[in-house]
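Student: The structure that follows is given in the form of structure tokens.
Just so it is clear, none of the values below were taken in a lab; they were calculated from the coordinates. Computed from a predicted structure; not experimentally measured. Using ideal geometry, Cβ is built from the backbone for each residue, glycine included, and neighbour counts are taken over all protein chains shown.
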Amino acid sequence: MRKQIAAANWKMNLTFQQGEKLLDDIFDAGIDLATHQQVIFAVPFPYLLMTRSETEEVKNYEVAAQNCSDKDSGAYTGEVSAEMLHSLAVNFCIIGHSERREYFGETNSLLSEKVNQCLKFNITPIFCCGESLAIRESGIQNEFVQTQLRESLFHLNEENIKRIVIAYEPIWAIGTGKTASSAQAQEMHAHLRSVLAKQYGNGIAKDISILYGGSVKANNAKELFGCPDVDGGLVGGASLVAKDFIEIIRSLK
Ligand code: PGA
């Protein structure tokens with residue numbers, strides 16, 4: 001059974017102290033996760049160790065980085081390698097968030113290298129895909145997102161594709177308060193799963209978690225996560241408010 005996941009993407013928000021307090025407040029809610037559920041905190045690099053030590057006490061709570069280098073090691077000032085993350089026992093990393101694609105010029109082929117780095121060091125990539133408003137309005141979103149998958153993931157063999165989590169995040173819904181409707185989310189998630197099935201077979205496609213991201217809030221999470229092909233969410237703004245994120249965790253199937 002594929003995992004149902006609530007992933008918090010803190011982005012470049014919160015001081016260290018605010019981050020600690022937020023985690024404490026969330027853990028105070030004492031939500032026990034079922035075996036098939038996971039909560040993942042994608043925090044800024046300097047907070048990884050603190051977050052890891054908070055999460056390692058609690059079953060199925062995990063820590064993630066928000067990015068890693070496509071290179072092994074060397075003279076790349078300011079970069080953080082997948083091997084470094086592995087040495088901190090960080091088991092997840094967001095790859096290809098639309099903000100990285102847009103502001104840092106990350107391309108599908110660069111992202112395929114980052115995916116490889118993660119897998120080489122036993123880190124599960126949370127691979128983001130999603131279309132802009134212009135692409136949605138021209139009606140070619142299915143092909144666009146399919147190309148993102150093909151160019152960054154489809155070089156992987158069956159064993160490795162099973163280790164990926166996918167996050168569908170329509171850019172027009174990120175941070176805008178404009179969520180995709182549950183029908184729009186379900187339609188795209190079903191499309192992504194069928195693309196995975198065509199490439200790798202049904203058995204593998206049905207085991208890959210596909211998260212929805214883009215203005216997931218406490219008041220819409222239940223409906224979105226209730227869609228048959230939506231396996232939880234990647235949550236930005238609402239993950240910074242304890243009571244909202246607690247509600248979102250409670251909305252997991
Ligand atoms: P949002 O961000 O929930 O604030 O829209 C989601 C994301 O970018 O991962």
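Student: Anyone know which of 75, 180, 29 comes out most mobile in the 10 Å Cα GNM of the chain?
Tutor: Taking springs between Cα atoms under 10 Å, the residue moving most is 75.
Student: Not counting the cut sites, what is the longest span of the chain without chymotrypsin sites (Phe, Trp or Tyr not before Pro) that DSSP labels loop and that have at most 16 other Cβ atoms within 10 Å? Please list the in-between numbers first.
Tutor: Details: sites that count: 76, 104, 154.
Answer from the scan: 155-253.
Student: Most mobile of 167, 89, 34 per a Gaussian network model of the chain (Cα springs, under 10 Å)?
Tutor: Looking only at 167, 89, 34, the largest GNM fluctuation is found for 34.
Student: Quick check for you: which residues of the range 3-30 have the amide N under 13 Å from the point 7 Å beyond the Cα of residue 57 toward its beta carbon?
Tutor: 21, 23-30
Student: Taking amide hydrogens as modeled 1.01 Å from N in the peptide plane, which residues meet the under 5 Å criterion relative to residue 232, leaving out close sequence neighbours?
Tutor: Here 5, 212 satisfy the definition.
Student: Quick one: if the Förster radius is 22 Å, what FRET efficiency do residue 159 and residue 36 give, using the C-beta to C-beta distance and rounding to 0.05?
Tutor: So the FRET efficiency works out to roughly 0.55.
Student: At a Förster radius of 25 Å, what calculated FRET efficiency corresponds to the Cβ-Cβ distance of residue 204 and residue 132, to the nearest 0.05?
Tutor: 0.30
Student: For Cα pairs less than 8 Å apart in space and 6+ apart in sequence, what is the mean separation divided by the residue count of the range 4-250, i.e. the relative contact order in percent? Write out the running numbers ahead of the final one.
Tutor: Numbers: 443 pairs, mean separation 49.5, N = 247.
Relative contact order, the range 4-250: 20 percent.
Student: A further question follows. Using a 7 Å offset from the Cα along the Cα-to-Cβ direction at both residue 151 and residue 241, what is the distance between the two label points in nm, to one decimal?
Tutor: Each label point lies 7 Å from its Cα, and together they span 3.7 nm.
Student: Sticking with this structure for a sec: Residue-wise, which Karplus ³J(HN,Hα) couplings in Hz belong to the range 64-73, taking 6.51 cos²θ - 1.76 cosθ + 1.60, θ = phi - 60°, and x for glycine or proline?
Tutor: 9, 8, 9, 5, 8, 6, 8, 9, 5, 5
Student: Which residue fluctuates most in the GNM of the chain (Cα springs below 10 Å): 188, 50, 12?
Tutor: Largest GNM mean-square fluctuation: 12.
Student: For the chain, with only Lys/Arg (+1) and Asp/Glu (-1) charged at the beta-carbon, what is the dipole magnitude about the Cα centre, in debye rounded to 20? If you can, show how the numbers build up before the last one.
Tutor: Values: 24 positive and 31 negative charges, 91 e Å.
Charge dipole of the chain: 440 debye, to the nearest 20.
Student: Sticking with this one: Does the chain come out rounded, prolate or oblate by the C-alpha gyration tensor, with a ≥ b ≥ c the root eigenvalues, rounded set by a/c under 1.5 and, if not, prolate when a/b is larger than b/c and oblate if not?
Tutor: Because its axes are fairly even, with a/c under 1.5, the chain counts as rounded.
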